[in-house]
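Trainee: Shown below is the structure under consideration.
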Amino acid sequence: MESDEVPDLLKIPRPLQEIYFDAAEQEAERLLKRIGGIDKLVEHIRGELSRGISRAPLRGEWRDMSIAVVDGSDTPVVSERIGVRYGLYAAAYKLFHGIEPLKNNENYVGNYLNEQIHENEEVFVKVLDLVTTYLERTLAKKLLESDELSVDLLIIDGSFLGYRTGCSLVKEQRIDFTEPLTNRHFETVFDLISEINKLTEYIADSGRAVGIIKRVPTRAIDGYMMYKRTDKKGLNLSDRAILSLVMDVGEVFSYGRYLGADEKVDAFSWYRSVSRDPKVRGKSPDDVLREAERRVNVQLTADLTRRGSRRGRGGPISSSIVKLARRMKRFYIRTVKNLPPICIDVPSSVSEDLLENVFSYCLETASPSTGLPMSLDLVDALVSLPRGLARDFANEVEALLLRRGADVSRLRILFSRYNPQKDE
């Protein structure tokens, strides 16, 4: 056996091997007990969630619809060199007639972001994410505006307000960014956020767009169980995990039907963490829920609006984007037996008729490997930027400078590794 085929666990000293093997045994026992406890609850959970679960109506109109899918990507690792930091980003759309891809009906846009090294890396990575979102939303708006393409259904990758997280940490930063589609220049991060807000509202108000979310951390079911139960105990699992235990293929879960109000999803998702706060400990469930709702509104306002907008200084867009965030509807649909259900983000402007066709579309075009519509997987594969691309881009810049006679000693200073042991 080659040395690299030996498990790393067997390469360490034997006393440490025994410690970790014993620890693995203990962990396996702990997980088995937890699985057993969950299995006992499945029937009860199914009964409790039943009012939110229904069979997806099978509709066939989507097969004759013009369906557009928009996705974006940025380099997951930002390449850092002394003096310069690079990040690459791209967005694309593709059109389908039902499930059939249309030839020559796709478009790609991309560019790079650079920044001086003194900028905080967290800020840079978040700005890169916002730039990618801006391109996605700009392409989506152009598709919806096009009379020639006549898009009946637009699918965006992720939630409508997925870009919100972390905006409050970066929105005051100044940037020097000119976007590649219209050459519009942005001087501050909030200028960029504000434009994404406007684009997002336009897309949501169209009544023709939904978002399909791959990673969903929401825990509203757990929070609602804590709120309703006298013992104040939930399951401490994500909604996706809970629904994976009880939903069958072809079933849809509606937060609106389960909670009684879609706008309380975020508040119930925050319920567990808020209930642990000493400031509300011992208060009634209704008081805890009100505090959770207050904090959700504060965070939405902090992330999506200009500083001071709670006093009316943020302009009309400030309040409308927060209202949009609270009006969004979310559904889960189980499309593949051995995979978790997928989450669909739906503006209130989407008709019941179109929504039923969306459910059918997701169910009948599901990829057996991801559970997502195959069109979304296809566009994701087309636009995804591989790891290391930013590094290769920086290397190409260095090579071009060398070929053009740049001073080698100065280049070595400029491009020397900030951390020589780390090859990104």
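The values are calculated or read from the model by the stated rules, or taken from the named source; none is laboratory data. Fair warning: this is a prediction, and the values are worked out from it, not measured in the lab. Positions of Cβ are generated from backbone atoms using ideal geometry, with glycine treated the same way; all protein chains shown enter the neighbour counts. The area values use the complete protein model at the heavy-atom level, side chains included, leaving out ligands, DNA and RNA. Shrake-Rupley method; radii C 1.70, N 1.55, O 1.52, S 1.80 Å.
Trainee: Towards the positive end of the charge dipole of the chain, with charges on Cβ (+1 Lys, Arg; -1 Asp, Glu), say which of Ala92, Val123, Phe268 has the farthest Cα.
Mentor: The listed residue farthest towards the positive side: Phe268.
Trainee: Something else now. Out of every Cα-Cα pair in the range 171-310, what percent are more than 21 Å apart?
Mentor: Working: 5645 of 9730 pairs.
Cα-Cα pairs of the range 171-310 separated by over 21 Å account for 58 percent.
Trainee: Read phi for every residue in the range 189-202 and hand back ³J(HN,Hα) as whole Hz from Karplus 6.51 cos²θ - 1.76 cosθ + 1.60, θ = phi - 60°, with x for Gly and Pro.
Mentor: 5, 5, 4, 5, 4, 4, 5, 4, 4, 5, 4, 5, 5, 4
Trainee: Could you compute the net charge surrounding Gly98? Neighbours are other residues with a C-beta less than 15 Å from the C-beta of Gly98; K and R count +1, D and E count -1. Please list the in-between numbers first.
Mentor: Working: positive: Arg59, Arg63, Lys94, Lys103; negative: Glu61, Asp64, Glu100, Asp152, Glu364.
Surrounding charge for Gly98 is -1.
Trainee: Given the -39500 (n - 2.57) contribution per DSSP H run of 4+ residues, what per-residue ellipticity at 222 nm results for the chain, rounded to the nearest 500 deg cm²/dmol?
Mentor: Rounded to the nearest 500, the figure is -14500 deg cm²/dmol.
Trainee: What is the antiparallel percent of DSSP beta bridges lying wholly in the chain, to the nearest 5?
Mentor: Here the share of antiparallel DSSP bridges comes out near 85 percent.
Trainee: A follow-up question, please. P(r) for the chain, please, calculated from all Cα pair distances in 10 Å bins and given in %.
Mentor: 4, 18, 24, 25, 19, 8, 2, 0
Trainee: Taking the Cα centre of the range 21-65 as origin and charging only Cβ (+1 Lys, Arg; -1 Asp, Glu), how large is the dipole, in debye to the nearest 20?
Mentor: 360 debye
Trainee: Can you tell me the equivalent ellipsoid semi-axes for the range 12-74? Use √(5λ) from the Cα gyration tensor, largest first, whole Å.
Mentor: Its equivalent ellipsoid spans semi-axes of 46, 26, 8 Å.
Trainee: Starting from the Cα of Lys94, draw a straight line to each of the lysines and keep only those under 18 Å, dropping any in the same chain fewer than 8 residues away.
Mentor: Correct list for Lys94: Lys103, Lys141, Lys142.
Trainee: Related question: Projected onto the charge dipole of the chain (+1 at Lys/Arg Cβ, -1 at Asp/Glu Cβ, origin at the Cα centre), which of Ile53, Leu10, Ile321 gives the Cα projection farthest towards the positive end?
Mentor: Farthest towards the positive pole: Ile321.
Trainee: Relative contact order, percent, of the chain when contacts are C-alpha pairs under 8 Å separated by at least 6 residues?
Mentor: 21 percent
Trainee: Which Rg and Dmax, in Å, describe the Cα atoms of the range 216-280?
Mentor: My reading of the Cα-based Rg and Dmax gives 12.2, 43 Å.
Trainee: Just how much of Lys232 is accessible, in Å², when a 1.4 Å probe is used and the result is rounded to the nearest 10?
Mentor: 110 Å²
Trainee: Of the cross-linked pairs Lys33/Lys329; Lys198/Lys228; Lys33/Lys337; Lys11/Lys214; Lys126/Lys329, which ones have a Cα-Cα span greater than 31 Å in the structure shown?
Mentor: Distance filter (> 31 Å) returns Lys33/Lys329; Lys198/Lys228; Lys11/Lys214.
Trainee: Hey, what's the per residue convex hull volume over the C-alpha atoms of the range 334-385, in cubic angstrom?
Mentor: 96 Å³
Trainee: Something else: For Lys171, give me every one of the aspartates and glutamates with a C-alpha distance below 15 angstrom, ignoring sequence neighbours fewer than eight places off in its own chain.
Mentor: Glu119, Glu121, Glu122, Asp129, Glu187, Asp191, Glu195, Asp303
Trainee: Dipole magnitude of the chain about its Cα centre, charges +1 at Lys/Arg Cβ and -1 at Asp/Glu Cβ only, in debye to the nearest 20?
Mentor: Roughly 1780 debye, rounded to the nearest 20.
Trainee: Further question: If you add up the charges near Lys279, with Lys and Arg at +1 and Asp and Glu at -1, over every other residue whose beta carbon is less than 12 angstrom from its beta carbon, what do you get?
Mentor: Once positives and negatives cancel, what remains is +2.
Trainee: May I pose another question? Along the charge dipole of the chain, which of Val296, Cys343, Thr132 sits closest to the positive end, that is, farthest toward it, with unit charges on the beta carbon of Lys, Arg, Asp and Glu (+1, +1, -1, -1)?
Mentor: Value: Val296.
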